[in-house]
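To keep things clear, I will list the structure first and then write my remarks on it.
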Amino acid sequence: MPRKVAMPLGSKRNMISVISLGFLSLTAQTLVFRRFLTAYEGNELGIGFFFASWLLWVALGGMLARLQTPLAQRVRPHFSILMLLYVPACLMQAILVAGARQAAGVAAYEYFPLLKMLPHLLYANAPVPLLTGWLFSVACQHTVAAPYGATRVYIFEALGGCLGGVFTTA
């Protein structure tokens with residue numbers, strides 16, 4: 001069972017961290033999705049699988065947050081600093097998505113077949129949503145003892161997502 005430690009979301013640092021979680025997640029998703037549209041030719045089914053695999057990895061990240069490993073115990077108190085992991089995760093995911101055609105053996109001038117696309121999309125789409133699911137669940141776990149703790153995490157993360165949407169489309 002996760003340790004129930006109140007993370008005072010009233011503090012500016014933690015509030016900004018949760019807002020950053022939403023901001024960085026949506027910004028990374030937008031940037032990777034733009035790369036995906038180029039690499040996978042905007043295939044409608046591919047777009048559906050992109051978002052389905054994104055949600056799958058977010059769910060798996062949330063499940064990983066429930067694990068009580070020694071490493072997880074050591075890094076959870078440093079929630080604000082863990083936001084920096086978005087930079088390498090986004091870069092790694094953008095590289096994996098961009099290199100999917102080459103990895104699948106599909107030339108740039110060829111149509112990207114759906115059956116070849118799916119396995120590459122599944123692993124290429126993992127870094128950012130896995131991190132997002134894990135961080136969001138950790139934030140909820142740390143606020144469970146505070147009044148309206150998890151509710152505040154949802155609100156602040158959604159606010160960050162809105163700001164990320166404005167930033168990436170402006």
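So here's what we get for this one:
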{"read-out": "Helix-only CD estimate at 222 nm, as mean residue ellipticity for the chain, using -39500 (n - 2.57) per DSSP H run (n ≥ 4)", "value": "-24000 deg cm²/dmol"}
{"read-out": "For segment 69-120: rounded, prolate or oblate by the Cα gyration tensor [a/c cutoff 1.5]", "value": "prolate"}
{"read-out": "Cβ charges +1 (Lys, Arg) and -1 (Asp, Glu), total dipole of segment 8-143, debye", "value": "500"}
{"read-out": "Cys162, Cys140, ranked by accessible area, largest first (probe 1.4 Å)", "value": "Cys162, Cys140"}
{"read-out": "Sequence-separation-based contact order of the chain, relative, with Cα cut under 8 Å and 6+ spacing, percent", "value": "48"}
{"read-out": "Formal net charge of residues neighbouring Trp54 (Cβ-Cβ distance under 15 Å; K, R +1; D, E -1)", "value": "+2"}
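The values are calculated or read from the model by the stated rules, or taken from the named source; none is laboratory data. Remember, predicted model here, so these are calculated numbers, not experimental data. Quick reminder, even Gly has a Cβ in these numbers, built from the backbone with ideal geometry, and neighbours come from all protein chains shown. Heavy atoms of the whole protein, side chains included, go into the accessibility calculation; ligands, DNA and RNA do not. Shrake-Rupley method; radii C 1.70, N 1.55, O 1.52, S 1.80 Å.
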